[in-house]
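What follows is a single structure, written as structure tokens, with notes after it.
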């Protein structure tokens with residue numbers, strides 16, 4: 001996942017440090033600031049998290065104005081740093097930046113915020129925006145080499161997949177040091193400048209997973225509501241409840257049960273969980289009054305054909321929110337399971353429509 005592109009320290013024709021669309025407040029200074037190309041002003045930051053910040057975090061978690069929770073990229077002064085103070089890199093996502101600055105309370109430091117397009121460190125590293133090229137550009141345009149006497153920059157460990165440390169050293173002169181996984185461990189890490197096994201371990205506990213549920217619910221909840229309304233009028237309240245249950249299972253229950261569900265593949269975990277959730281609906285449909293034997297069989301099949309693929313799809317989507325998977329692993333899952341999801345969901349929909357037609361005709 002590390003980039004292999006080259007990063008010339010002279011300005012290429014028609015671009016700005018390899019970036020064709022630089023932010024308007026930034027200078028084109030691929031080789032560092034000059035009299036005609038001054039470095040952007042250094043901004044100030046504080047470590048305290050205000051009520052306004054917490055409200056911003058709440059909105060971000062619920063997906064409100066998703067791409068609006070950003071911090072202007074550039075160099076920030078935390079406390080009263082000098083030329084020997086440490087430099088930390090962060091994404092320009094407010095939750096990432098706020099986690100870093102709050103962890104550095106009562107410390108003097110520089111924070112280099114790189115432009116990740118409002119995406120957190122882990123996801124941005126995978127997408128390439130928390131990447132080698134952007135880090136080199138940001139070091140250059142901020143004139144960091146003139147601000148500090150040392151040549152070391154501390155990056156979050158989860159940003160490692162997007163950074164080629166030797167390329168950063170080659171083109172910027174700064175060596176990369178990886179801090180702990182969690183910003184909260186920075187005080188202990190800085191005391192010895194050594195990361196323990198616990199600091200290097202990526203934890204994804206229940207709380208870490210559940211805080212992601214609101215975003216998933218907002219993203220897919222509308223589809224579930226629309227499906228429930230349609231099914232309520234076409235097939236009754238139980239079918240509507242099944243649609244809502246499938247979405248809640250895929251976005252909340254799956255998230256909570258992720259570590260204990262069998263299989264390494266998220267999609268298979270989703271299929272298994274969806275099949276379990278489909279059992280009570282299959283029983284209810286099979287016992288619906290007035291159904292023939294064929295109608296009962298179809299009634300049993302429909303939940304097992306529709307709910308598991310929906311849950312599996314939502315589970316597959318959750319791979320973008322966890323470090324449990326890799327980019328190559330996700331690609332394999334997509335090619336392996338998505339066709340099955342489409343076939344099963346399509347067959348279940350056809351049988352559901354057929355059952356409805358039979359009931360209307362009085363032959364179900």
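Below, the figures for the structure above:
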| quantity | calculated |
| --- | --- |
| Gaussian network model of the chain, Cα within-10 Å springs - most flexible of 164, 96, 50 | 50 |
| Whether segment 56-176 is rounded, prolate or oblate, judged on the alpha carbon gyration tensor where a/c under 1.5 counts as rounded | oblate |
| Per-residue [θ]222 nm for the chain (sum of -39500 (n - 2.57) over DSSP H runs n ≥ 4, rounded to 500) | -16000 deg cm²/dmol |
| The chain: most fluctuating residue of 87, 202, 343 per GNM, C-alpha cutoff 10 Å | 343 |
| Relative contact order (%) - criterion: Cα under 8 Å, at least six apart; region: segment 43-203 | 21 |
| Among beta bridges that DSSP assigns inside the chain, antiparallel share in %, nearest 5 | 35 |
| Mean Cα-pair separation over length for segment 37-137, i.e. relative contact order, pairs under 8 Å, 6 or more apart, % | 30 |
| Over the chain, relative contact order from alpha-carbon pairs under 8 Å, at least 6 apart, % | 12 |
| Efficiency of FRET between residue 184 and residue 340 - r from beta-carbon atoms, R0 35 angstrom, step 0.05 | 0.30 |
| Between 0 and 90°, nearest 10: helix 266-286 axis offset from the chain longest Cα axis | 30 |
| Gaussian network model of the chain, Cα within-10 Å springs - most flexible of 226, 260, 71 | 260 |
| The chain: angle of helix 237-248 to the longest principal axis, Cα-based, in degrees nearest 10 | 20 |
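We did not get these values from a lab; they are worked out from the coordinates using the rules stated. Every value quoted in this text rests on a predicted model; they were computed, and no experiment measured them. So basically every Cβ, Gly included, is an ideal-geometry build from the backbone, and we count neighbours across all protein chains shown.
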